[in-house]
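To start, the structure under review is shown below, and the notes come after it.
The values are calculated or read from the model by the stated rules, or taken from the named source; none is laboratory data. Since the structure is predicted, the reported quantities are computational estimates derived from the model, not experimental observations. Here Cβ is always computed from backbone atoms with ideal geometry, including for glycine, and neighbour counts include all displayed protein chains. Only protein heavy atoms, including side chains, enter the accessible area calculation; ligands, DNA and RNA are left aside. Shrake-Rupley method; radii C 1.70, N 1.55, O 1.52, S 1.80 Å.
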Amino acid sequence: MPDLPFLPFCACLGSLGLGCVAFVSAWCQHWRGGFAWDGSVRMFNWHPVLMVTGMVVLYGAAALVYRLPPTWRGPKLPWKILHSTLALTAFILAVLGLVAVFNFHNASGTPNMYSLHSWLGLGTILLFSCQWVTGFSAFLLPYAPIWLRTLYKPIHIFFGSTILMLSMASCVSGINEKLFFSLKNGTASVPYKLLPPEAVFANILGLLIILFGVLVLYALAKPSWKRPEADSLDTHQPLLGAEH
């Protein structure tokens with residue numbers, strides 16, 4: 001892999017994440033009618049915004065906390081709290097996104113959980129909830145023995161990357177599904193197959209999400225950006241009340 005400086009890379013990645021949030025918000029505001037919390041289609045518009053913001057951008061930021069050079073020295077507890085807080089915020093936004101889409105479906109008489117996108121999205125949220133609870137129990141509570149933390153750490157890292165990939169797949173499939181429903185023949189002035197401006201804009205949004213996720217996975221995989229294991233405290237002592 002090319003040897004890139006981490007902090008400029010991280011700044012560009014942050015700008016890309018903000019771009020993803022700006023694109024999905026602009027799509028829902030300009031083409032889908034804006035936002036409300038009343039069971040209407042405008043309530044549905046919160047779903048893509050909250051999911052992209054939480055499960056892609058904030059989750060990606062949480063995954064990269066331990067790649068920041070300041071985390072390589074000194075106590076790790078503040079960074080673990082930041083990591084878990086970002087992940088918990090992402091989870092809360094995702095739950096609100098689920099509430100928005102279920103309320104809209106129930107109010108409009110639309111069936112729930114019939115599409116591949118819905119199965120994939122709900123499965124990702126459930127896996128994420130398990131990941132957060134087990135990570136909190138293993139690394140932020142002083143009860144897990146050292147051997148268990150050591151055993152679970154690579155599993156936690158693996159599922160962290162897996163959840164990010166599933167989140168990207170869920171978001172992109174959801175964007176495509178929404179375009180098919182909204183721009184189908186007979187209901188839209190320009191159908192999806194003729195690539196109207198909304199379709200171009202939303203397709204670019206999907207590409208930005210994929211690019212952001214791939215770059216996060218690149219940062220996670222780059223060996224020189226990993227915290228040196230010799231300086232890691234998380235598998236050598238309990239945290240709350242014990243780390244100095």
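The range 135-202 and the range 67-125 have Cα centres lying 9 Å from one another. Taking every protein chain into account, the accessible area of the range 186-232 amounts to 52 square angstrom per residue (probe 1.4 Å).
Listed values [x] 20.6, 66; [y] 25.7, 95; [z] 19.8, 66 include one computed from this model; for Rg and Dmax of the Cα atoms in Å that value carries the label [z].
Counting only protein heavy atoms and a 1.4 Å probe, the range 82-136 has 50 square angstrom of accessible area per residue. Counting only residues at least eight positions apart within a chain, or on another chain, the lysines with an alpha carbon under 20 Å from that of K222 are K153. In the calculated pair-distance distribution of the range 1-135, the portion above 26 angstrom amounts to 34 percent of the Cα-Cα pairs. Can you list the trypsin sites (Lys or Arg not before Pro) in the range 50-99 that are in a DSSP coil and have 11 or fewer other beta carbons within 10 angstrom? Listed in order of number, the matching sites are R73. Work out the charge dipole of the range 1-106 with +1 on the Cβ of Lys and Arg and -1 on the Cβ of Asp and Glu about the Cα centre, then indicate which of P69, V41, A26 is farthest towards its positive end. Positive-most Cα among the choices belongs to P69. Listed by chain and number, the lysines whose C-alpha is less than 22 Å from the C-alpha of K193, apart from same-chain residues fewer than 8 away, are K178, K184. The accessible surface of the chain, taken with every protein chain in place and a 1.4 Å probe, is 75 percent carbon and sulfur.
Loop-located trypsin sites (Lys or Arg not before Pro) in the range 139-188 (DSSP state not H, G, I, E or B) with no more than 16 neighbouring Cβ atoms inside 10 Å: K184. The charge dipole of the range 145-233, taken about its Cα centre with unit charges on the Cβ atoms of Lys, Arg (+1), Asp and Glu (-1) only, comes to about 100 debye.
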